[in-house]
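All remarks here apply to the structure that follows.
The values are calculated or read from the model by the stated rules, or taken from the named source; none is laboratory data. The structure presented is a predicted model; accordingly, all values stated were derived computationally and were not measured. Using ideal geometry, Cβ is built from the backbone for each residue, glycine included, and neighbour counts are taken over all protein chains shown. All accessible areas refer to the heavy atoms of the entire protein, side chains included, with ligands and DNA or RNA removed. Shrake-Rupley method; radii C 1.70, N 1.55, O 1.52, S 1.80 Å.
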Amino acid sequence: EFDQSGVGIEGSIGDGRQAPIHLGEDGMNVECEATHEIRTRAAEFSLCDDEAGLFSITPSRLRLDFTAKNRNPWTDLPDGFGAMDAKYLEIAYPAIHTIEENGRRKRYDAEYTIVHDFERRKKATLISILIDATGFRNERFQDLLDEWSKVDTCRTPANEKQFFEEIHRFDRRKLRAEPPKEHQQPETQDDTTNKHRDLACAFNIYHRTLMPSTYYYAYQGSLPEPPCTYKDYLPGTSEWRVINKPMKISPEQLEQLKALVEFGPCKDNEFAQDMGVWRARPVQESNARSYWQCKRDSFPLDCEKDGYCDCDAVLCPEDFA
């Protein structure tokens, strides 16, 4: 399938700016010029609102499409990007990027990637967080796993139209099991109960336990799967920001993630069987393209500029000590 896309497993697109690449000190050739952190807003995304998002499983990914008009999560990247809506979120197992640690290449257990549409410049902009499964149970990550556990249909190019018809109909019963009773709204509720339910269902895809840093590696590349482009945008113009601190989850959560990808509704799909454990183009070298890292000393946190850090709500200096 990579060869049919015209890019090849080891080939190139555009001027050779493919993705993913190996992230290490050796390939950096540009200084970080960012002046502020990655700013994010959860907007009104809710796990209990079928109009807000569509959870699906493909032969290579766990995927969440954001489908609410004018209510999607968004981010404001430095470097003149401005606010951009999140279009979808994917989790790959194992991680698609590798990173240099203690003189060795390390591939993390999985990778969490949020894709945004930078429509003004016709680019996809991706924020990617590596996942380390040596931590404790991550409750927000578990909320996502629980939603993917309800999916019983494999999403493929052959049935893509069906999925997006579901988005417009907002009828997900054929694709997902009924939500558990605690997520179902009783026939009658008073306003106070409704507010508690809304708070319980509200979900921030950029929460500090999911995105534990605002500093990152940056480069321009492609999407990691055929057709390797977003919409009708030019090949090789996707902007990657790979966060330099991994998200922590538990070993048990990694096993649940692995089971969903390998033994979920796509387990019998021919593409999943052909791919084995490698579900993206192999890692590429940077090929002398612009590639840089924004570190703790590149710019201060926004709360430091403001003079007060609410460490329960935002990343604080203590998180980088």
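Just to verify a result, which residue in the stretch 248-266, among those that are open to solvent by less than 20 Å² (accessible area, probe 1.4 Å) and out of contact with any helix residue (DSSP H, G or I) (no Cβ under 7 Å at 6 or more places or on another chain), is nearest to D143 (Cα to Cα)? Going through the qualifying residues, I end up with S250.
Does L144 satisfy the criteria of being closer than 20 Å to P246 by Cβ, in contact with a Lys or Arg (Cβ under 9 Å, 6 or more places away or on another chain) and in contact (Cβ under 8 Å) with a residue 40 or more places away in the chain?
Spelling it out, it is not the case that L144 is closer than 20 Å to P246 by Cβ, in contact with a Lys or Arg (Cβ under 9 Å, 6 or more places away or on another chain) and in contact (Cβ under 8 Å) with a residue 40 or more places away in the chain.
Within the stretch 58-82, if we keep just the residues that are part of a strand (DSSP E or B) and among the charged types (D, E, K, R), the residue that is nearest to F271 (Cα to Cα) turns out to be R63.
Being of a type in the set (D, E, K, R) and either over 24 Å from E262 (Cβ atoms) or touching a helix residue (DSSP H, G or I) at 6+ places or on another chain (Cβ under 6 Å) (or both) is true for just one of K122, K106. Which residue is that?
Numbers: K106 fails: either over 24 Å from E262 (Cβ atoms) or touching a helix residue (DSSP H, G or I) at 6+ places or on another chain (Cβ under 6 Å) (or both).
Every option except K122 fails the conditions.
Is there a residue being open to solvent by 20 Å² or more (accessible area, probe 1.4 Å) and at positive phi anywhere in the stretch 130-139? For the stretch 130-139, residues open to solvent by 20 Å² or more (accessible area, probe 1.4 Å) and at positive phi: absent.
Residues that are open to solvent by 30 Å² or more (accessible area, probe 1.4 Å), at pLDDT below 95 and not in a strand (DSSP E or B) within the stretch 83-117 comprise Y93, N102, G103, listed in sequence order.
For the stretch 293-304, state whether one or more residues are at pLDDT below 90 and open to solvent by 20 Å² or more (accessible area, probe 1.4 Å). Walk me through it before giving the result.
Of all residues in the stretch 293-304, those at pLDDT below 90 come to none.
No - not one qualifying residue is present in the stretch 293-304.
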